[in-house]
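Let me begin by presenting the structure, written as structure tokens, before commenting on it.
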Amino acid sequence: MQNFTTLKLLILIALGSSFPWTGYSADVESVYGKDDRPMVLIEGNSFIMGNSGIEDETPPHRVLLSDYYMDQYEVSILDYQLYIKETKKEIPKHGAGIIPILNKVPLFYKEPDLFQLRKGELLFSAGGFRTLTESMNYKPYKWASGNADDEPAYVSAKDVEFVLTLHPDYLAEPAKDVWLFNVNPEYPIVAVTWQQSMDYCRHYGKRLPTEAEWEYAARGGNKKGKYPWGDESPVGKATFKTSDVTRTRPEAIGSFPPNGFGLYDMAGNVWEWVADWYSETYYIETYRENQQVLNPYNNVVSGDKVLRGGGWTSVAEDLRVSNRNHRSPDKPKLNIGFRCALTAK
């Protein structure tokens, strides 16, 4: 994934969007969002949404969309971490201790037996302790600053005895409510609820995409392809589960080539929340023969929200651009993330 340079582009936000659930729009041709993440302009067009022969994807029907912007990448852990720093919102802890990442350390990990070390009123930095002993096995990470070296040092019970033998004048104090992070910050954020995803987007003047916007964007201009790139196998094109590979984590965002619209990871890596409530019969209810549906959005409250795109635990069939999944909006999961959209005026 590229390193994004901050562009001082003005995003003009205006009320009166055609979407009743957001007031945001933009009338610049291409933008970096307020979260300093690149967005791609998706020019409005009509397309055939859905797939015949699959119950909740039928009937295929023509949809007309207005112009909108789409995040080029899924929201990363680093992106969400900066949001937490700005807003002081709750850290998504729902997946703690479940998913093995890298060297078997979970995505969000709470070590119950950590200590801070003090000498008088001085709390030693993580960097200082790393030079003190090589037996430090834990990389402390606080979401407050986004930089482990800026935070106090924490040592495990296994290490604290060793440190105190070298420095008996140190005082070891139990560290309370410390969450460790030991994963690539460019992985997509996971274990967020639908509301946490929407709150992130709204904080930066955006919203979640509608289901129709998501599908059109995923197709990348490919009208009939099974996947964002066409009908070829997803092997080597997306992060997903195969008969030969059982994955234990997603990949860094942007690890595979983009689709025709320049969007990354529209298949695989993580499922993505979208704005719509799920209804198995929504396509049937909105279908009108020889007519096209303008900017469809299902705002009829049901038990579940729609998920799109497939994830690292998915099989190839789940990665189809028309595939619909759903889940209770307040039940996060380790293979669910999101990206944002913005209405273009």
Exercise for review: Within region 261-269, identify whether any single residue is touching a helix residue (DSSP H, G or I) at 6+ places or on another chain (Cβ under 7 Å), in a loop (DSSP other than H, G, I, E, B) and touching a residue at least 60 places away in the same chain (Cβ under 8 Å), and answer yes or no.
Suggested key: yes
Exercise for review: Test Gly236 against the criterion of being small (Gly, Ala, Ser) and at pLDDT below 95, and give yes or no.
Suggested key: yes
Point to revise | Positions within region 309-326 being outside any loop (DSSP other than H, G, I, E, B) and touching a residue at least 24 places away in the same chain (Cβ under 8 Å), in sequence order | key: Ala316, Asp318, Leu319, Asn325, His326
Revision key, fill the gap. Counting only residues that are surrounded by fewer than 19 Cβ atoms within 10 Å (Cβ to Cβ), under 18 Å from Glu55 (Cβ atoms) and not hydroxyl-bearing (Ser, Thr, Tyr), region 279-314 contains a total of 5
Review point. Scanning region 56-88 for residues that are at pLDDT 90 or above and either out of contact with any strand residue (DSSP E or B) (no Cβ under 9 Å at 6 or more places or on another chain) or among the acidic types (Asp, Glu) (or both), which turns out surrounded by the most Cβ atoms within 10 Å (Cβ to Cβ)?
Key: Asp71
Check your understanding: Scanning for something of a type outside the set (S, T, N, Q), under 29 Å from Trp271 (Cα atoms), at pLDDT below 95 and assigned by TED's automatic domain parsing to the domain that holds Gly268, does region 144-156 turn up at least one residue?
Key -> no
**Study point:** Total residues in region 41-77, condition hydroxyl-bearing (Ser, Thr, Tyr) and on the phi > 0 side of the Ramachandran plot
**Key:** 0
Practice item. Under 9 Å between Cβ atoms, at least 6 apart or on separate chains: pull out the pairs that start in region 209-228 with a residue that is over 17 Å from Asp56 (Cβ atoms) and end on any residue that is of a type in the set (D, E, K, R) and not in a loop (DSSP other than H, G, I, E, B). Key: Pro209/Asp71; Pro209/Glu272; Pro209/Arg308; Gly225/Arg219; Pro228/Arg219
Review point. Which condition does Val306 not pass, out of (1) farther than 17 Å from Phe240 by Cα; (2) in a loop (DSSP other than H, G, I, E, B), if it passes all the others?
Key: (2)
Study note, to complete from the structure: Only unsatisfied item for Ser279, checking (1) in a helix (DSSP H, G or I); (2) modelled with pLDDT of 95 or more, is (1)
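The values are calculated or read from the model by the stated rules, or taken from the named source; none is laboratory data. This structure is a prediction, so every number in the text was calculated from the model and none was measured. Don't worry about glycine lacking a Cβ; one is built from the backbone with ideal geometry, like all the others, and counts go over all protein chains shown.
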